[in-house]
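Engineer: Attaching a single structure in structure tokens format; questions to follow.
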2 protein chains.
Amino acid sequence: MKEVAIIGIGMTKWGELWEQSLRDIAVEAALKCLEDAGMDKVDAITVGAMSGGLFNAQEHLGPLVADFLGQKFVPATRVESACASGGLAVKTAYMEVASGLAETALAVGVEKMTDVDGGEATYALATAADQDNEAFHGITFPGLYAMMAHAHMKKYGTTREQLAQVSVKNHYNGSMNPHAQFPFKVSLETVMNSTMVADPLRLLDCSPITDGGAAVLLTTVEAAKKMNRPYAVITGIGHATDTIALAQRGDILKLAVVEEAAHRALKMAGKSIKDVDFAEVHDCFTIAELMVMEAIGVVEVGQSGPAVMDGKTALDGDFPINPSGGLKSKGHPVGATGVAQVVEAVSQLRGESGKRQIKNAKIAMTQNMGGSGASSIVHILEARS
Amino acid sequence: MKEVAIIGIGMTKWGELWEQSLRDIAVEAALKCLEDAGMDKVDAITVGAMSGGLFNAQEHLGPLVADFLGQKFVPATRVESACASGGLAVKTAYMEVASGLAETALAVGVEKMTDVDGGEATYALATAADQDNEAFHGITFPGLYAMMAHAHMKKYGTTREQLAQVSVKNHYNGSMNPHAQFPFKVSLETVMNSTMVADPLRLLDCSPITDGGAAVLLTTVEAAKKMNRPYAVITGIGHATDTIALAQRGDILKLAVVEEAAHRALKMAGKSIKDVDFAEVHDCFTIAELMVMEAIGVVEVGQSGPAVMDGKTALDGDFPINPSGGLKSKGHPVGATGVAQVVEAVSQLRGESGKRQIKNAKIAMTQNMGGSGASSIVHILEARS
């Protein structure tokens, strides 16, 4: 399988970006990425966004971004896999280069979620679930993940404190990330006493509503070598889907889609999880990070809670997870998240992550997820210079 | 550049499909395609759909289709480029195979547009235009194309009859297509006396609101050869974007995006338009087919109206256009249209189009378009056996 390099990264500040439109945010992230790569022209663009239609009354995001980025006639493809749309934009950009259709491909992830009120945002997000069999009947994502959390606590003895520790860890990391929406530390007590959202999940167990963009620039390894600076290579891609409705899964405590996607990505890269130095994973809720740890094989099934308490996934632990602050602290503009995971991975692999830099980071995994585990895209990235 | 083969085609009856949900329609088209190919398992799925969110409150269409098609864990990517989403699904499936990520890739196009009332459908479709600078101010697609039609009539002397003849021709072809939504002939008088929509465009100048699905199965040429039956090969792909807002174009009478996409596709295939035997083009409005004829080089600029009257693009003409009946007669479930164009092209290349079969059809062009000419995807397909 062909290797494709990442030679540029960029992202906007994430938060409530009242002064910027959807296109402004996408273009800012893209320009920062092009500036990082020292390029001003690309052969192809992919745009990851979950629902421009419901959030902004704007579909057709490919030409929208190409147009306002000044990339006349450039082929631009919008892809969607709910909250995994960003990961899919990176995969699709990979295919542009690996298929030979493009020499350079820019993957942009974007979502502007604050143009609608809270109820409409929840409605829009629920369209990632099975509308006929889940959303129509009133369940939303906090409810779906709350059911998983309850079941995990009952079966494996996972505790409320262990869930909270995921949030504490990610906020600690995010406090060192200038792009994060909530760049501050929180204590276990603060998380455990925050407003109840869907029992047992409280406000500080949940990723927020966010506006933001992120972008990465891909090209052939041959072209990357000529730039004479450190870059990253995508050595593995795993993309999988599962039943869209949670009730259809054989075991709601196993994120089979993540297990499958991670297995495929590692196999393509010729690696095992033990070779990976750190990961950015999809902590849309604290329980999600615990279940992803088990699915990608960082811990045995049922052991994620104690492992987080022991610091295994802390910045200085055996297997750091979400050095960026994750969805919890950094924010979760759904279409941008998967691209931003790759931005953080490349930043770490290039040794440019400042106070949150992981020592000797050479191999990274990014894991992006759609819905309650209906889709997942995993990338394996390796440092080169 | 790599050649990729099409070894299966399928589509549903198009129309107002009250008995079928979005997923039912997509799955029916996909199953018919798999049956045609004699396969029951694929490595990847792409889904072209413009706005599951606004039409059906359902995003995350990749896993939705994979799930209900029984393709466990298969990577599934939803792509969107407004009314060119279907063409983009075919291109993305091409990239799955050409990049080496998949051996077989199924492209499914689908839209179920009748779940909402007429006003909401118009609202949803208008999100393919520039929301901030066009749609918000009240203009919809009939209005945008009506402006092009007026300008074309004024500059080139194009007549009301010439516009109507496009509809007459396409309905004649569609009357022989059992999948068409409106499989009947219309007269020039009927078109010219139909209800005014946006002057000069009348009801029978406009493609309808449709529910429908279409699917094609792609694989390597090596695998296709082993099947011992006729197949088609994608020898050219052209994908381009232009300004999303019509007002930003240098010349609203030139579909520059189509010219560019067609040029790229022909160049990749090593062909000129003279080598092409027929085309399926994006006649969302009658004026669109005339302008596309000029953009792909079938006629000189300004000569499309007389050429249609002379029968150049009729089924037995020099360069048949829209043997399927086009968007006008066959219908226009926006995400499905680009895939169905490829279904018709392959059917013609295999010599299986019955009463509407074009004699000695060996090389086809399909041209799918988004918005008022903000995106276009063109494929060149060649018969092999």
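The values are calculated or read from the model by the stated rules, or taken from the named source; none is laboratory data. From a predicted model like this one, the values you see are computed outputs, not experimental measurements. Note that we place each Cβ from the backbone using ideal geometry, even for glycine, and neighbour counts take in every protein chain shown. All accessible areas refer to the heavy atoms of the entire protein, side chains included, with ligands and DNA or RNA removed. Shrake-Rupley method; radii C 1.70, N 1.55, O 1.52, S 1.80 Å.
Engineer: Too long at a 20 Å Cα-Cα cut-off: which of B:LYS274/B:LYS359; A:LYS312/A:LYS359; A:LYS13/A:LYS41; B:LYS91/B:LYS355?
Structural biologist: On the way: B:LYS274/B:LYS359 16 Å; A:LYS312/A:LYS359 15 Å; A:LYS13/A:LYS41 24 Å; B:LYS91/B:LYS355 29 Å.
Violating the 20 Å Cα-Cα cut-off are A:LYS13/A:LYS41; B:LYS91/B:LYS355.
Engineer: On a 0 to 90° scale, report how tilted helix B:85-98 is relative to the longest principal axis of chain B, with both axes built from alpha carbons and the result rounded to the nearest 10.
Structural biologist: On a 0 to 90 degree scale, this one is about 30.
Engineer: Lys and Arg at +1, Asp and Glu at -1: add these up for the other residues within a Cβ distance under 9 Å of B:MET50 and post the number. Walk me through the intermediate numbers first.
Structural biologist: On the way: positive: none; negative: A:GLU59, B:GLU80, B:GLU111.
Charge balance near B:MET50 sits at -3.
Engineer: How high is the relative contact order of the stretch A:266-327? Use alpha-carbon pairs under 8 Å, at least six apart in sequence, and give a whole percent.
Structural biologist: Details: 61 pairs, mean separation 22.3, N = 62.
After rounding, I find 36 percent.
Engineer: Then there is this: How many nanometers, to one decimal and shortest first, lie between the label point of A:THR159 and those of its other copies, if labels sit 7 Å from Cα toward Cβ?
Structural biologist: A:THR159 label point versus its equivalents elsewhere: 8.7 nm.
Engineer: When Lys and Arg each count +1 and Asp and Glu each count -1, what net charge do the other residues less than 9 Å away from B:HIS60, Cβ to Cβ, add up to?
Structural biologist: Values: positive: B:ARG78; negative: A:GLU80, A:ASP130, B:GLU59.
Every neighbour counted, the sum reads -2.
Engineer: Let me ask something else. I need the inter-copy label distances for A:GLN357: point set 7 Å along Cα to C-beta, values in nm with one decimal, smallest first.
Structural biologist: Listed shortest first, these distances are 7.0 nm.
Engineer: Taking a probe of 1.4 angstrom, what is the accessible area of B:GLU16 in Å², to the nearest 10?
Structural biologist: Its accessible surface works out to 110 Å², give or take rounding.
Engineer: I would also like to ask the following. Accessible area of A:ARG23, 1.4 Å probe, to the nearest 10 Å²?
Structural biologist: 20
Engineer: Ok, one more. Inside 10 Å of the C-beta atoms of B:84-97, what's the mean count of C-beta atoms belonging to other chains? Write down the numbers at each step before the final one.
Structural biologist: Values: counts 3, 5, 0, 0, 6, 1, 0, 6, 7, 0, 3, 13, 5, 2.
Other-chain Cβ atoms within 10 Å of each residue's Cβ, averaged: 4.
Engineer: Summing Lys, Arg as +1 and Asp, Glu as -1, what charge do residues with Cβ under 14 Å from the Cβ of A:GLY317 carry, A:GLY317 excluded? Please list the in-between numbers first.
Structural biologist: On the way: positive: A:LYS169, A:LYS312, A:ARG356, A:LYS359; negative: A:ASP277, A:GLU289, A:ASP310, A:ASP316, A:ASP318.
Spelling it out: positives minus negatives among the neighbours equals -1.
Engineer: Also: Can you list the distances in nanometres, one decimal and ascending, from the B:ASN133 label point to the identical position in each other copy, with the point 7 Å along Cα to Cβ?
Structural biologist: 4.4
Engineer: Let me ask you something else. If ligands, DNA and RNA are left out, what is the accessible area of A:TYR172 with a 1.4 Å probe, given in Å² to the nearest 10?
Structural biologist: Ignoring ligands and nucleic acids, A:TYR172 comes out at about 110 Å².
Engineer: Let me confirm one metric for peptide A:242-255, namely the mean number of other chain beta-carbon atoms within 10 Å of its residues' beta-carbons.
Structural biologist: Taking all residues of A:242-255 together, the mean is 2.
Engineer: Suppose a student asked you for the relative contact order of chain A, using Cα pairs under 8 Å spaced at least 6 residues apart; what percent would you report? Working shown, then result.
Structural biologist: Working: 973 pairs, mean separation 99.1, N = 385.
Contact order relative to length: 26 percent.
Engineer: Take B:PHE141, B:PHE184 and sort them by solvent-accessible surface of the protein heavy atoms, 1.4 Å probe, largest at the top. Working shown, then result.
Structural biologist: Details: B:PHE141 30, B:PHE184 95 Å².
Ranking B:PHE141, B:PHE184 by accessible area, largest first, yields B:PHE184, B:PHE141.
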